[in-house]
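The values are calculated or read from the model by the stated rules, or taken from the named source; none is laboratory data. Every value quoted in this text rests on a predicted model; they were computed, and no experiment measured them. Reconstructed Cβ throughout: ideal geometry from the backbone, glycine too, with neighbour counts over all protein chains shown. We work out accessible area using only protein heavy atoms, side chains counted, and drop any ligands, DNA or RNA first. Shrake-Rupley method; radii C 1.70, N 1.55, O 1.52, S 1.80 Å.
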Amino acid sequence: MVKTDSQEQEIKNLENMVKLLKERERNLEAQLLEYYGLKEQQTAVTELQNRLKLNTMEAKVFALKIESLEADNKRLASQVVDYNKALMDLEAARTKINVLKQKLRSEAAQNKERILDLQQWVEKMQEDELKLCKLKDLEDEVCELRKSNHDLQVEKSELTQ
């Protein structure tokens, strides 16, 4: 078998074509690998985007919870202020009640003394009234005795005449 130049040339062309096809195959395989890599990266990016969306939603939920807790905190702080004010008012009221109780006790003691004084005054007045009645009775008796004495003197004078 004798190879001719055209055959050799064809073989060389075919070998070059095989080399080119192998090179193209390698390039395509590299592109395919790159494509698969990009596809995986895209899947990873999509997964990361989904996680980002989920984390964003969680962040919004946490922000709402924080806002709610801050509002509760403000409300509770306001209640603490109101409670402290109520405690101070209650303490002031207790102090005022104690002062009024002391004043009431003092006034009650003074009133008791006044009542005793008035009772003594009433008793004295009753005694004085009784004395006045006795005095009036004595005056009436003196009047009667004077009248009787006068009558006796008139009778004596008549008898003497």
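Keeping all protein chains in position, work out how much accessible area Cys143 exposes to a 1.4 Å probe, and write it in Å² to the nearest 10.
Rounded to the nearest 10, that gives 90 Å².
Can you give me the solvent accessible area of Met57 with a 1.4 Å probe, rounded to the nearest 10 Å²?
We get 110 Å² for Met57.
Exactly which trypsin sites (Lys or Arg not before Pro) in the stretch 36-72 are in a DSSP loop and have at most 10 other Cβ atoms within 10 Å?
Counting only loop positions with at most 10 other Cβ atoms within 10 Å, none of the trypsin sites (Lys or Arg not before Pro) in the stretch 36-72 qualifies.
Helix 5-160 against the longest principal axis of the chain: what's the angle in degrees, Cα atoms only, rounded to the nearest 10?
Once rounded, one gets 0 degrees.
Considering only protein heavy atoms and a probe of 1.4 Å, how much of the accessible area of the chain is carbon and sulfur, as a whole percent?
C and S fraction of accessible area: 58 percent.
At 0.36 nm per residue, minus the direct Cα-Cα distance, what do Lys136 and Glu58 gain on full extension? Give it in nm, one decimal, please.
17.0 nm
Solvent-accessible area of Val81, probe 1.4 Å, all protein chains present, reported in Å² to the nearest ten, please.
Counting only protein heavy atoms, the figure is 90 Å².
Farthest toward the dipole's positive end in the chain, which of Ser6, Ser78, Cys133, given Cβ charges of +1 (Lys, Arg) and -1 (Asp, Glu) about the Cα centre?
Ser6
Taking the chain as a Gaussian network, Cα atoms linked when under 10 Å apart, which of Leu64, Leu33, Leu90 shows the biggest mean-square fluctuation?
Its mean-square fluctuation being the largest, the pick is Leu33.
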